[in-house]
Amino acid sequence: MKQVLIGVGSGLVAGSLALTLLFLGPLSGSNGAESETTATASALPDATVSAAPEPSAVETASEPEVIECSVAELEAADGILSLQAQVIDTETEQVLFDRSSDIPARAASVMKLFTAAAALETLGPGYQVTTRVYQDAADPSKIYLVGAGDVTLSRTAINKESVYKKAPKLADLAKQATAFLAGVPVSEIVLESSLYGTDSGEYQSVWDLRGLSNGYMSPVSALQVDGDRENPAAKDSPRSTDPVQQAGTWFQESLGDTALDAVISKGLTPPDAVQIASVKSRPISEWIDYMLVVSDNTLAEALARLVSLDTGLDGSFDSLTKAYTTALKNTGLDLTGLKVEDGSGLSKYNQVAPNQVNELLALIDEGYGDFEVILGGMPVSGTPGSLSYRFEDAVGSITAKTGWIRTGYTLAGFLVSPDQTRLRFTVYNLGDVTADNREAMDDLVMGFYACGADLVNR
């Protein structure tokens with residue numbers, strides 16, 4: 001039997017992974033028993049090999065050589081805080097590595113895999129959201145802009161793109177409305193965002209308020225424009241505290257002289273109002289693709305609310321656990337202990353076990369339902385997205401959803417090792433984290449990569 005120990009060498013350049021392979025002679029008896037940050041990933045230098053004694057012909061014939069590869073040193077690194085993980089060989093379905101994988105915990109943005117799955121199960125990949133404008137039946141100068149959950153609606157010019165490619169335009173709504181009004185000036189623009197029960201938008205109390213200023217999250221509202229970004233072309237751009245009011249301001253600007261003196265208010269659309277303009281979003285399959293590639297939190301929350309409404313609930317934060325379990329009930333997933341506080345994974349109170357993530361990954365891998373959409377949107381090492389600067393020694397070999405909140409780094413997906421073994425893995429590194437903790441998690445994943453089929457659970 002050959003044993004291989006993979007560990008981290010001391011005194012190396014930060015972020016580099018040293019692989020020391022220690023080959024011991026044949027043994028007898030039984031075996032002993034992670035908006036996310038990006039940085040240059042672990043390097044994989046040449047392994048150091050100590051040659052084992054030549055086995056005798058008798059030993060070779062009587063005891064087939066077995067290689068065991070351990071990541072014990074990587075698991076024990078200072079940067080690994082509270083580890084939960086599971087690694088499975090996708091061909092044999094053998095569990096190669098397991099650390100507390102059955103305990104529900106905060107998944108960070110890995111939660112977006114469940115959001116995508118729930119949306120595809122309930123809405124379907126072709127689902128589109130329609131934003132409408134209505135005219136008051138009694139007062140033709142009064143119009144209503146009604147949000148239906150499309151956070152991609154953009155104020156960019158017709159020939160310009162926001163971060164959401166081919167998104168519907170406020171300018172198109174304004175053009176249609178102006179044509180219908182036929183010279184009637186607009187005296188009042190009423191903004192309706194009642195779909196989730198809030199007038200202005202709701203920012204969950206547990207979310208870090210720096211999400212607004214740092215530009216990776218907006219308040220949740222059924223009516224907003226460009227995900228409420230200050231700069232519609234920037235992934236991370238400051239957000240406001242009232243996306244509905246902002247939407248009204250930008251719509252008024254799009255209307256031009258027609259609404260120059262209009263008053264902007266919030267309210268409900270009367271049932272006898274007449275529709276005068278509408279635009280449709282891109283299919284949610286495209287939302288899911290972008291959401292996963294760059295980990296867009298605003299899109300995730302929009303999808304979560306649409307899932308809630310489609311399952312007969314009210315679109316609130318409190319409805320999401322029931323909404324997701326209802327949406328995924330026919331998949332066969334064991335959702336025991338699942339707790340969904342938000343669709344983005346920003347809440348530290350989300351609860352999903354690593355083995356549940358791996359179960360979902362198995363369905364994604366086999367192409368269950370429309371889940372191939374999810375696999376197509378997951379970031380790939382060394383390509384644009386949240387894995388672009390990670391795993392530089394495994395470019396193209398790791399496909400995984402990243403996750404980061406201030407109390408944990410997570411990573412879940414697939415890798416193809418140098419021995420061509422395909423592994424399914426989920427790793428949580430939980431605690432008060434810094435970039436060092438992400439690097440330690442990435443080193444551990446590179447250990448899985450180096451071991452491949454020889455990975456042992458110790």
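For (1) in contact with an Asp or Glu (Cβ under 9 Å, 6 or more places away or on another chain); (2) not aromatic (F, W, Y), each residue gets a yes or a no:
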site: Q94; (1), (2): no, yes
site: D98; (1), (2): no, yes
site: S109; (1), (2): yes, yes
site: T115; (1), (2): yes, yes
site: A119; (1), (2): yes, yes
site: T122; (1), (2): yes, yes
site: S141; (1), (2): yes, yes
site: Y144; (1), (2): yes, no
Scope the range 287-320; condition on the phi > 0 side of the Ramachandran plot and surrounded by fewer than 19 Cβ atoms within 10 Å (Cβ to Cβ); matching residues: G312
For S62, only one of the following conditions fails: (1) at negative phi; (2) over 23 Å from the mean Cα position of the chain (by Cα); (3) at pLDDT 95 or above. What is its number? (3)
A careful count of residues in the range 85-96 that are in a strand (DSSP E or B), within 24 Å of the chain's Cα centre (by Cα) and within 14 Å of T421 (Cβ to Cβ) gives 3
Within the range 86-93, can one find any residue that is in contact with a Phe, Trp or Tyr (Cβ under 9 Å, 6 or more places away or on another chain), hydroxyl-bearing (S, T, Y) and crowded, with 22+ Cβ neighbours inside 10 Å? no
Go through the range 170-197 and count every residue that is among the small types (G, A, S) and assigned to a helix (DSSP H, G or I). 5
On the given criteria, is T426 among the polar types (S, T, N, Q) and either outside the structural domain of S109 (by TED's automatic domain parsing) or buried (at least 24 other Cβ atoms within 10 Å of the Cβ) (or both)? yes
What residue, of D136, D172, D150, is crowded, with 23+ Cβ neighbours inside 10 Å, charged (D, E, K, R) and at pLDDT 95 or above? D150
Going through D289, D236 one at a time, which residue ends up being assigned to a loop (DSSP other than H, G, I, E, B), at pLDDT 95 or above, under 23 Å from P379 (Cβ atoms) and not hydroxyl-bearing (S, T, Y)? D236
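Going through D228, D296, D289 one at a time, which residue ends up being under 23 Å from Y127 (Cα atoms) and touching a Pro at 6+ places or on another chain (Cβ under 6 Å)? Talk me through it step by step, then tell me what you get.
Values: D296 fails: touching a Pro at 6+ places or on another chain (Cβ under 6 Å); D289 fails: touching a Pro at 6+ places or on another chain (Cβ under 6 Å).
Criteria check complete, one pass: D228.
Scan the range 200-213 and give yes if some residue there is in contact with a strand residue (DSSP E or B) (Cβ under 7 Å, 6 or more places away or on another chain) and surrounded by 22 or more Cβ atoms within 10 Å (Cβ to Cβ), otherwise no.
Start the filter on the range 200-213 by keeping residues that are in contact with a strand residue (DSSP E or B) (Cβ under 7 Å, 6 or more places away or on another chain), which leaves 201-202, 212.
The next check asks that each one be surrounded by 22 or more Cβ atoms within 10 Å (Cβ to Cβ); those that pass are 201.
Checked the range 200-213: at least one residue is in contact with a strand residue (DSSP E or B) (Cβ under 7 Å, 6 or more places away or on another chain) and surrounded by 22 or more Cβ atoms within 10 Å (Cβ to Cβ).
What residue, of D442, D436, is crowded, with 24+ Cβ neighbours inside 10 Å and assigned to a helix (DSSP H, G or I)?
Values: D436 fails: crowded, with 24+ Cβ neighbours inside 10 Å.
From the options D442, D436, the qualifying one is D442.
For every residue, the table says whether it meets (1) among the polar types (S, T, N, Q); (2) part of a helix (DSSP H, G or I); (3) in the same structural domain as P104 (by TED's automatic domain parsing); (4) under 20 Å from Y216 (Cα atoms).
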{"position": "E301", "(1), (2), (3), (4)": "no, yes, no, yes"}
{"position": "A304", "(1), (2), (3), (4)": "no, yes, no, yes"}
{"position": "Y349", "(1), (2), (3), (4)": "no, no, yes, yes"}
{"position": "L360", "(1), (2), (3), (4)": "no, yes, yes, no"}
{"position": "G369", "(1), (2), (3), (4)": "no, no, yes, no"}
{"position": "V373", "(1), (2), (3), (4)": "no, yes, yes, no"}
Just a yes or no: is a residue in the range 391-400 closer than 26 Å to G332 by Cβ and touching a Leu at 6+ places or on another chain (Cβ under 9 Å)? yes
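Step by step: first the residues of the range 253-286, then only those that are part of a loop (DSSP other than H, G, I, E, B) and among the charged types (D, E, K, R), then the one that is surrounded by the most Cβ atoms within 10 Å (Cβ to Cβ). Which residue is that? Step through it out loud before you land on a result.
Within the range 253-286, the first condition is being part of a loop (DSSP other than H, G, I, E, B), and the residues that meet it are 260-262, 267-273, 281-283.
So of that shortlist, the ones also among the charged types (D, E, K, R) come out as 261, 272, 282.
Values: D261: 9, D272: 9, R282: 18.
Per the stated criteria, the residue is R282.
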Cβ-Cβ under 7 Å, sequence separation 6+ or interchain: first residue in the range 416-428 and modelled with pLDDT of 95 or more, partner hydroxyl-bearing (S, T, Y). Which pairs? V416/S397; S417/Y449; R422/T90; L423/T90; L423/S417; R424/T90; V427/T410; Y428/T410
Among the residues that make up the range 96-107, is at least one of them surrounded by fewer than 21 Cβ atoms within 10 Å (Cβ to Cβ), in contact with a helix residue (DSSP H, G or I) (Cβ under 8 Å, 6 or more places away or on another chain), closer than 20 Å to N297 by Cα and of a type outside the set (A, V, I, L, M)? no
Leading residue by the ranking (nearest to A167 (Cα to Cα)) among those in the range 110-142 that are hydroxyl-bearing (S, T, Y) and out of contact with any helix residue (DSSP H, G or I) (no Cβ under 8 Å at 6 or more places or on another chain): T130
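Taking the conditions exactly as written (surrounded by fewer than 19 Cβ atoms within 10 Å (Cβ to Cβ) and part of a helix (DSSP H, G or I)), does A323 satisfy them or not? If you could, list the steps in order and put the result at the bottom.
Numbers: surrounded by fewer than 19 Cβ atoms within 10 Å (Cβ to Cβ): no; part of a helix (DSSP H, G or I): yes.
For A323, the condition - surrounded by fewer than 19 Cβ atoms within 10 Å (Cβ to Cβ) and part of a helix (DSSP H, G or I) - is not met.
Collect the residues in the range 375-391 that are assigned to a helix (DSSP H, G or I) and among the small types (G, A, S), keeping them in residue-number order. So that I can check it myself, show each step before the final result.
Applying the first criterion (assigned to a helix (DSSP H, G or I)) to the range 375-391 yields 375-377.
Hits for the range 375-391 are G376, G377.
The values are calculated or read from the model by the stated rules, or taken from the named source; none is laboratory data. None of these values were measured; they are calculated from a predicted model. Cβ atoms come from the backbone with ideal geometry, glycine included; neighbour counts cover every protein chain shown.
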